[in-house]
Structures are given as structure tokens and as C-alpha cells.
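The structure under discussion appears below in the form of C-alpha cells.
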Amino acid sequence: MLKTPLHQHHIDHGGKMVDFAGWDMPLYYKTAEGTGSIVDEHNQVRTCGGVFDVSHMGRLRLKGRHARRLLERACSRRIHDMQEGQCRYTLICNETGGVKDDALVYRMSEDEFLFVVNGSNREKITDHLKSIRGDLVCEIDDRTMKTAMIAIQGPTVMELFSNFSKEIPALKRFRFAVKNLMIMKLIVSRTGYTGEDGVEVILPANMIGMAMKLIAQNVDPNSPDSPLKGTGLGARDTLRMEAAMPLYGHELGEDINALEVNMPFALNMDKDEHELGEPFVGQEALKQTIAEGGPRRQLVGLLVEGKRTARQHMPVLVNSEPLGVVTSACVSPTLAQPIAMAYLDKAHIEPGTKVEIDTGRADKLAAEVCALPFYKAPKK
Amino acid sequence: MSNAPTDRKYAETHEWHKSEGGLIVLGLTPFAVAELTDITFVEMQGAGTQITPGDSLGEVESVKATSDVYSAVPGEIAEVNDALADQPSLLNSDPYGAGWLVKIKPSETSALDGLMDGGAYDEKYPL
């Protein structure tokens, strides 16, 4: 199994380790009493702050005079108007308009980009980029094993960085700074996957110990309100569900049409019309779908009655007819009620629509369609 | 960290069985609870239900999964831990005590002899 540069750190801090996409990762951290709680870690991030190891995410460096054009081909978002120091969320589609992955593009310079993709799709996307590269001049370097990546998320974490940087707390959303601290180069971006404010940091793998110490300056990690408590993949999943952020293998997949995900901002359907623009893989198929009246189903939120949790793949029934399917679900720690995301027939996506979830048991779960996201961080 | 009590017997499916005044008290081990993570819902069959080993006694749901619960002994459910309906997290905080699931009036108990004792369980399933 693959290990991140923080693997020993997880073991030392009571990480309950599980196989995630071939990586040995902490699901949550056990306390001194031997117990541990995903919900506690979730609440920690919503109220204060937490640190996630996200080194399993794929980090690909694209460099060369055609790097931008290669990304224009691969990404559903336009790339040519990105400035140095800017990050952009994008989908990567296949020829039929399905979703190969979602990713974050970092523009390092005119001819250099960092492409952060899902851990489970790192090799697939590398191969895909090579297959669509043609005669474009762009070197693709998989930096995943040479670097570490951590996410520090929560309403209080930006204050931490004021200890050693004026620039980082002043970063706007989806902007990053490259910092040289002592002998290490850090990429710090104001991005995340929790619905909270915070940053993601990419740094050389062998510097992670030093970086953790530096970030933890003036912080007592054992204090109950420490903004630097370890948070595992379990809380990462419930946090992203509340924030309605899609996850590959759940809301995203090769057989899920990019239009169904209902993130209009993520699809620049006219990006090929600009003089620097290029069509992206899948764009023709998506245009065709739009011309035919759009996708027949759409991603929605469901508020589920009672205490039971729906699970992925459970059918969603409208008037007893299976017209949808659950993609993710949990008991929302913040709302204290079960929630789900589901693909549902377009005719029934109006918020307030009553549906049922078929659990395979005698009793079905009553639910109601709601707008996404389930949770938005309060404005400061 | 684990110290499975020696006053009960342990099944491969991670239920503990404790003889108490002619009844068998049944619950889940901390190992099972740690795998399931935060328990969000518990529903056992009602008192009076006849049970057979291999049939599900009920379900435990967590943030990560839904899991069936089994008894190693046949008999009848004598009592269900009603406190779990409002406080399923008792399974997380006190799996060997207040987080018990059901009490069973066994029709026979020979199957307990085939289960693991605390030492063997800890060795096989260390926390």
C-alpha cells in the first residue's frame, strides 16, 4: 500500500488507518481513551480548524510552451484568462461528455501549471493527457511522490498564518502564493474541500515535519480548541457532503454527464470561441446534449426524515416509480439530520418535492428535495 | 489499548455474549465500533422475537456503514436496550456496558463454548 510522507505522523497520533484508493490513510484519529469520532472531527473543522493529509491527491506538473493549450483541451474551464497565482476548479470530460475527474489547475507561470487530480485517477489522467497531447510541446511530470499536500481548514485557521506571513492571510479565494521559508518552497492556496475557509499547502515531501512544526508555532495541539487537530478522511467526506462538493465515484464518473452535475460555472461551453480558446474533450457531446434539451436528470439534495441513513446506489422513488439514485449520504453533523445527494429525473427536482428512498428493506425513507449546498459557512 | 473483559465470550462477527441471571446480554466490541465509527442509529427486533444464529437481530448504522447484528445462541429476545434509540452514541462511549444491545433468553447455550474468550479475541482483533 502507498504511504504519504505523513504516514508515521498518523500512526503516532492514533490514526485509524484504512485503504483509500491504494493509500494507507487515517479515517479518523483515536483519542487517548482508544475511541475516536468522525463527528467530533467534523465539528472541530466547522467551529475551529483541522488539518488533513491530502498527499494522496495526484499532483502533475505541466510545463512547456504548449502547456496551456494541453489544459485547454483537457479542461471544461477556460485556462487562457488565468493569471499567475490563480487556481481554478475544472472538470475533465471524456468524448461522450462523461466526467473523467475533477481537478484544480494552478497557474505557476505562462508555461507552467500544476494539475491536482483525485488520488484514484492520477494514472488515468496522466495517460489521458498524454493521449490528447498530440504534437503539443508539454512535459508531464508526476510530482505526487516527491511532494506532500495538507489542507488546513476551519474558521480560525487563517489567523495562524499571520504568525509568519502577511501575504497568506491576505490571499483571496482561489489564489495561491509561493513562499520560500527557510530552505523550503511552499505553495499555499486559499482553497479546500470542506465548505470552510482555509488553505491547502504543497511542499517537498522531506520538509513536511519541519512545516508541521512551523505551522504549529504558538499552538498547543493538545488543547481542546486547538485549530490544528488532525482530521481524517471520514470527516473530509461528511464535510464535503454538507458543502455539496461532488466526489469522483459518487457524484462524478465516466458515465455521468457533466451537465447532470449542475455546476454551470464548471463548464465554459463557449471557451473555443475566444481567439486563444480551444474546444475541450467532450464539448461537442455536451453541446449535442444541450441542443437536445439538456440532460434528463440532475444532481439534487435530499433532506431525509427520521434517523436512518440512505446509502449510495439506493433507488429514489417518486410516486413509487424509481426515477433517481442516491450518490452520497450521511447524518449531517451540522444539521443533525440525515442528508443525501442524488441524481433525480428533471421533472421532479423542484425543492419541496416528496420522494422516497428504497433501502431494500420493508420500510422506505421519506425525503424531500432541497437546494444545494446543505451548509454554507457564515460570512465573517 | 484493548482489554476484552473475561466475563464474556466473543464471536467472529464481533458480538460479545455475557451470561447474566439466566439471560445472555449481547453487544458489540470496541473493535467493531471502531470499524463502524460514530453510531447514528440502532434498531433491534422487539422483545419476544424468536432468534436463530445466522439470522439478523437488527441493524446498527454509523456514519460509514450499516451493519447486521447476530447472536451465537438461539432463543428469544427478552429485552432491548431502549436507551440506544435516543442515544446511539452509547455504543461508542461504553460498548461493554451501557451500550449493550439486547438480552436473550437462550433455548440452549452450547454454542458459547465455541466462541473466543477475551484473551483470544484481543489477540486476533487488537484495537
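The values are calculated or read from the model by the stated rules, or taken from the named source; none is laboratory data. As the structure is a computational prediction, the values presented were derived from the model and not from experiment. A quick note on method: Cβ atoms are made from the backbone with ideal geometry, for glycine too, and the neighbour counts reach across all protein chains shown. All accessible areas refer to the heavy atoms of the entire protein, side chains included, with ligands and DNA or RNA removed. Shrake-Rupley method; radii C 1.70, N 1.55, O 1.52, S 1.80 Å.
Considering only residues in the stretch B:95-109 that are more than 12 Å from the chain's Cα centre (by Cα) and open to solvent by less than 70 Å² (accessible area, probe 1.4 Å), the one that is farthest from the other protein chains (Cβ to nearest Cβ) turns out to be B:Thr109.
Does A:Lys172 meet the test of being among the charged types (D, E, K, R) and part of a strand (DSSP E or B)? Spelling it out, it is not the case that A:Lys172 is among the charged types (D, E, K, R) and part of a strand (DSSP E or B).
Taken together, the residues in the stretch A:92-104 that are under 22 Å from A:Val188 (Cα atoms) and surrounded by 24 or more Cβ atoms within 10 Å (Cβ to Cβ) amount to 2. Here is a list of conditions, (1) open to solvent by less than 20 Å² (accessible area, probe 1.4 Å); (2) out of contact with any His (no Cβ under 8 Å at 6 or more places or on another chain), and A:Asp272 meets all of them except one; can you say which number that is? Result: A:Asp272 fails condition (1) only. Selection of the stretch B:5-16 for residues being open to solvent by less than 10 Å² (accessible area, probe 1.4 Å) and in contact with a helix residue (DSSP H, G or I) (Cβ under 6 Å, 6 or more places away or on another chain) yields only B:Tyr10. Report yes if some residue within the stretch A:244-262 is in a helix (DSSP H, G or I) and either at pLDDT below 95 or within 14 Å of another protein chain (Cβ to nearest Cβ) (or both); otherwise report no. Checked against the condition, which is being in a helix (DSSP H, G or I) and either at pLDDT below 95 or within 14 Å of another protein chain (Cβ to nearest Cβ) (or both), the stretch A:244-262 yields no hits at all.
Restricting the stretch A:315-335 to residues that are part of a loop (DSSP other than H, G, I, E, B) and under 23 Å from the mean Cα position of the chain (by Cα), the residue that is nearest to the other protein chains (Cβ to nearest Cβ) is A:Pro333. Pairing each residue of the stretch B:82-103 that is within 19 Å of B:Ile24 (Cβ to Cβ) with any residue that is among the β-branched types (Val, Ile, Thr) and assigned to a loop (DSSP other than H, G, I, E, B), provided the two are 6+ apart or on different chains, yields C-beta distances under 7 Å for B:Pro95/B:Thr29. Among the residues making up the stretch B:108-122, those that are touching a residue at least 60 places away in the same chain (Cβ under 8 Å) and not acidic (Asp, Glu) are B:Thr109, B:Leu112, B:Leu115, B:Met116, B:Gly118, B:Gly119, B:Ala120, B:Tyr121.
To keep it simple, each residue is scored yes or no on (1) assigned to a loop (DSSP other than H, G, I, E, B); (2) within 14 Å of chain B (Cβ to nearest Cβ).
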residue: A:Leu27; (1), (2): no, yes
residue: A:Thr35; (1), (2): yes, yes
residue: A:Val45; (1), (2): no, no
residue: A:Arg69; (1), (2): no, no
residue: A:Lys100; (1), (2): no, no
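Among the residues of the stretch A:342-356, is any under 26 Å from the mean Cα position of the chain (by Cα), modelled with pLDDT of 95 or more and within 14 Å of chain B (Cβ to nearest Cβ)? Looking through the stretch A:342-356, none of the residues is under 26 Å from the mean Cα position of the chain (by Cα), modelled with pLDDT of 95 or more and within 14 Å of chain B (Cβ to nearest Cβ). Hey, can you tell me all the residues within the stretch B:16-67 that are within 14 Å of chain A (Cβ to nearest Cβ) and at positive phi? Within the stretch B:16-67, B:Thr37, B:Gly58 qualify. Are any residues in the stretch A:49-75 open to solvent by 20 Å² or more (accessible area, probe 1.4 Å) and either among the hydrophobic types (A, V, I, L, M, F, W, C) or within 25 Å of B:Leu36 (Cα to Cα) (or both), and if so, which ones? The answer is A:Met57, and nothing else.
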